[in-house]
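The values are calculated or read from the model by the stated rules, or taken from the named source; none is laboratory data. Nothing here was measured: the structure is a model prediction, and the numbers come from that model. We place every Cβ from the backbone using ideal geometry, glycine too, and count neighbours over all the protein chains shown. These area figures cover heavy atoms from the full protein model, side chains too; ligands, DNA and RNA do not enter into them. Shrake-Rupley method; radii C 1.70, N 1.55, O 1.52, S 1.80 Å.
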Amino acid sequence: MAQMTYRDAVRRALIEEMERDERVFIMGEEVGVWGGTFAVTRGMYDMFGEKRVRDTPISELVIAGAAVGAAMNGLRPVAEIMTFNFALLSLDAMINHAAKVRYMFGGQFECPMVLRTTSGWGQLSATHSQTFENYVAHVPGLKVIMPGTPADAYGLLKAAIRDPDPVIFIEHTHLYRVRGEVPDEEFLLPIGQSNIKREGRDVTIVAYSRMLHEALKAADELAKEGIECEVVDIPTLRPLDLRPVVQSFKKTYRAVLATEQWLGYGVDAEIAAQIYEHAFDYLDAPIKRVTAPPVPLPYNKHLELAAMPDKEDIKRAVLEVLR
Amino acid sequence: MTEYVALDAQTKSLAFDHRELGLSDDDVRRMYELMLLGRRFDERCEILQRQGKAHFHISGQGQEAAQIGAALAFIPGKDWFHPYYRDLALLLAIGVPPRELMLGWFARANDPASGGRQMPAHWGYRPLNVVTASSPVSTQIPQAAGIAYAHKLRGEDAVTYVSFGEGGASKGDFHEGLNFAAIHKVPVIFVCMNNGYAISVSANKQMAIENVADRAAGYGMPGVVVDGQDMLAVYKVMKEAVDRARRGEGPTLVECKTVRLKAHSSDDDDRLYRSREEIQRLRAEKDPLVRARAYLLEQGLADDAWFEEIEKKIMEIVNDATDWAEAQPLPRPEDAMKHVYWDR
């Protein structure tokens, strides 16, 4: 079993899928000669040629729109949009088209495409630092994946490329250098499966993407004080598998939900609603949300860190639900 | 450089001789028949909407020559079509059976487009590679570029038809789609059906230039402006464009100058923004059926008896499609949840 960065895990999945299936091709800004803004596709232009690793104009609408067309016409496009902030311009193609091709055609056509994009921040200010997984996770017909570990990124991206439905795959820029174990032999992970990443009896922490790591760090530190947190990762946001969360909650009676979303109408609200629906009788404390405050993300580092949640916020929330 | 075709023709019939375009007498008679079928079918759908039997209608009346001229330049079954909502006559011309098209208006369970899930006039027909549209206009343009990209990637010589109004040409989708297609020289024909109105907004309020196709030069592809009321002129320029695309020489932007004889849709009242005199003038001077009829008579290809016979035949087809489709079963409510995702 090899240690591998999240970036290399995504790259390995792309290369393997392109070698396996010649219908798979990549397009997006900078993906070709330059190898991608986050260096994910580095070297792939030389491996597969410009027809299958296609640099495009700065045209988010046509990157997603042409991917929808190519997918309907039998290819398996993997379109890359640098960040979700720019993918807002692709949402018409994803929501009004990709998500509805199968339905509005009564099942005759399908749209097996993947839109890869990123969430993330780091002194890039308000319009480079937003995360909108809840916008797309709301839409029937789409699947939304936000992996937190290299192994999950690898196994889920491969599954996404082979999936017959459109998938929005959101990587996190802070995670590209994170290392983790990824088995050498090829594997796929099922889309729509949540996992317990750390077992504990006192509080259930639900998180995904970067906040999964903050949750694990918080759990490590709290363990030194004798508080055992169970950390549940939800790498697929749609279809959402909350069975492990509900099961865990029925054991701990308390939950903290940690996301980078703004407070209000976020993924956390859906999780909380489902816990109330499925485990109301087990509730020992109000469910606590750890989120970003509702403010555009500022540029200055001190301001930015004040507006982004981390492990300290999670620890405080855990102590509050235990009080 | 833009090419301008048949725009200053003084004739009340058509600008070209069909024999010079490689069309037989039968071909021309067939084109007239298809135009008439488009018109009568469209009128029937309008009536169905007024009767409350269909919820929505959007008309292509006035645009039949452009649609038929375009349709006949393609190879149905091989080529792909990403039509817009006024392209009824084109769908009939490429061979979508009238009965099946009518199912869409009645939103019946066996509607081949979507089983009653999609709006009328948002065509979809898998056997002939007709891709369903969504309601935001001109979003089909980037998709058509992608469909054609897939053909090119696989080394196939199929060509993609995509149409939109001049209103849709104001959107960013138009720019991004045409630029992408030109860069990659993909086999797609962009067909702008310029009927002078984006719902209520006249073309001179939508753009500061006379012709949408003049923009083609800015993308590095040929642009052609053609009299969209002349089925033979449209066929001629479409054939040339399709042949170029099939030879691997990339896309063309064709603008058909046409007219919209009806309101935008059944939800619109065009008396609020255009005079009845204007409509009367368009009917007198621009109706493509009148022009085609004059040509057939002038060329001695048909007489009054033939026109009567064709009228009767077309009405039989429209009546049959209506009666048959209306009698088909409605979708089951529980099927509303089907086809959201792939279901093994």
Item to check | Output for the stretch B:148-184, where each listed residue is without any contact (Cβ under 8 Å) to a residue 60 or more places away in the chain, small (Gly, Ala, Ser), more than 22 Å from B:Tyr273 (Cα to Cα) and surrounded by fewer than 23 Cβ atoms within 10 Å (Cβ to Cβ) | outcome: B:Gly155, B:Gly172
Checklist outcome for this item: Of the listed residues (B:Glu277, B:Glu334, B:Glu309), the one being open to solvent by 80 Å² or more (accessible area, probe 1.4 Å), outside any loop (DSSP other than H, G, I, E, B) and within 30 Å of A:Gly107 (Cβ to Cβ) is B:Glu334
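Which members of the stretch A:23-57 meet the condition of being basic (Lys, Arg) and either open to solvent by less than 50 Å² (accessible area, probe 1.4 Å) or within 12 Å of chain B (Cβ to nearest Cβ) (or both)?
First, pick out the residues of the stretch A:23-57 that are basic (Lys, Arg): A:23, A:42, A:51-52, A:54.
Residues satisfying the conditions are A:Arg23, A:Lys51, A:Arg52, A:Arg54.
In the stretch A:138-164, which residues are assigned to a helix (DSSP H, G or I) and not aliphatic (A, V, I, L, M)?
Of the residues in the stretch A:138-164, the ones assigned to a helix (DSSP H, G or I) are A:150-162.
Hits for the stretch A:138-164 are A:Pro150, A:Asp152, A:Tyr154, A:Gly155, A:Lys158, A:Arg162.
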Checklist outcome for this item: Conditions (1) surrounded by fewer than 15 Cβ atoms within 10 Å (Cβ to Cβ); (2) on the phi > 0 side of the Ramachandran plot -> B:His339 fails only (1)
Next on the checklist: Going residue by residue through the stretch A:211-225, is there one that turns out to be under 20 Å from A:Val178 (Cβ atoms), surrounded by 24 or more Cβ atoms within 10 Å (Cβ to Cβ) and among the basic types (Lys, Arg)?
Outcome noted: no
Checklist entry - Taking the stretch A:293-311, which residues are in contact with a helix residue (DSSP H, G or I) (Cβ under 8 Å, 6 or more places away or on another chain) and outside any loop (DSSP other than H, G, I, E, B)? => result A:Lys311
Next on the checklist: Suppose we keep only residues that are within 14 Å of chain B (Cβ to nearest Cβ) and out of contact with any strand residue (DSSP E or B) (no Cβ under 7 Å at 6 or more places or on another chain) within the stretch A:125-151. Which one would you say is most open to solvent (accessible area, probe 1.4 Å)?
Outcome noted: A:His138
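Let me confirm something: among B:Pro187, B:Pro222, B:Pro251, which residue is touching a residue at least 12 places away in the same chain (Cβ under 8 Å) and open to solvent by 20 Å² or more (accessible area, probe 1.4 Å)? Reasoning before the result, please.
Values: B:Pro187 fails: open to solvent by 20 Å² or more (accessible area, probe 1.4 Å); B:Pro251 fails: open to solvent by 20 Å² or more (accessible area, probe 1.4 Å).
The conditions single out B:Pro222.
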Item to check | Matching residues, the stretch A:18-57, being over 21 Å from the mean Cα position of the chain (by Cα), part of a loop (DSSP other than H, G, I, E, B) and of a type in the set (Ser, Thr, Tyr) | outcome: A:Thr56
Next on the checklist: Residues that are over 24 Å from the mean Cα position of the chain (by Cα), without any contact (Cβ under 8 Å) to a residue 12 or more places away in the chain and open to solvent by less than 40 Å² (accessible area, probe 1.4 Å): does the stretch A:74-91 have at least one?
Outcome noted: no
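Just to be sure before I move on: is B:Thr139 modelled with pLDDT under 95, open to solvent by 10 Å² or more (accessible area, probe 1.4 Å) and within 9 Å of chain A (Cβ to nearest Cβ) in the structure I sent?
Values: modelled with pLDDT under 95: yes; open to solvent by 10 Å² or more (accessible area, probe 1.4 Å): no; within 9 Å of chain A (Cβ to nearest Cβ): yes.
Judged against the criteria, B:Thr139 is not a match.
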Checklist entry - Quick one: in the stretch B:65-106, which of the residues that are over 11 Å from the mean Cα position of the chain (by Cα) and among the charged types (D, E, K, R) is surrounded by the fewest Cβ atoms within 10 Å (Cβ to Cβ)? => result B:Lys78
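Filter the stretch B:15-52 down to the residues that are open to solvent by less than 20 Å² (accessible area, probe 1.4 Å) and not in a helix (DSSP H, G or I) and list them by number. Lay out the reasoning, then the answer.
If we filter the stretch B:15-52 for residues that are open to solvent by less than 20 Å² (accessible area, probe 1.4 Å), which is where we start, we get B:18, B:23, B:28, B:31-32, B:34-39, B:41-42, B:45, B:48.
Answer for the stretch B:15-52, where residues must be open to solvent by less than 20 Å² (accessible area, probe 1.4 Å) and not in a helix (DSSP H, G or I): just B:Leu23.
Table: residues versus (1) of a type in the set (Phe, Trp, Tyr); (2) assigned to a loop (DSSP other than H, G, I, E, B); (3) closer than 23 Å to B:Arg244 by Cα; (4) out of contact with any helix residue (DSSP H, G or I) (no Cβ under 9 Å at 6 or more places or on another chain).
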residue: B:Ala54; (1), (2), (3), (4): no, yes, no, no
residue: B:His57; (1), (2), (3), (4): no, yes, no, no
residue: B:Ala65; (1), (2), (3), (4): no, no, yes, no
residue: B:Ala70; (1), (2), (3), (4): no, no, yes, no
residue: B:Ile75; (1), (2), (3), (4): no, yes, yes, no
residue: B:Lys78; (1), (2), (3), (4): no, yes, yes, yes
residue: B:Arg86; (1), (2), (3), (4): no, yes, no, no
residue: B:Ala89; (1), (2), (3), (4): no, no, no, no
Next on the checklist: Of all residues being at pLDDT 95 or above and over 19 Å from the mean Cα position of the chain (by Cα) in the stretch B:185-207, which is nearest to B:Lys262 (Cα to Cα)? Just the residue, please.
Outcome noted: B:Val186
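Table: residues versus (1) in a helix (DSSP H, G or I); (2) among the hydrophobic types (A, V, I, L, M, F, W, C); (3) at negative phi; (4) more than 8 Å from chain A (Cβ to nearest Cβ).
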position	(1), (2), (3), (4)
B:Met102	yes, yes, yes, yes
B:Ala113	no, yes, yes, no
B:Ala145	yes, yes, yes, no
B:Tyr149	yes, no, yes, no
B:Leu178	yes, yes, yes, yes
B:Ile183	yes, yes, yes, no
B:Val186	no, yes, yes, yes
B:Ile189	no, yes, yes, yes
B:Ala208	no, yes, yes, yes
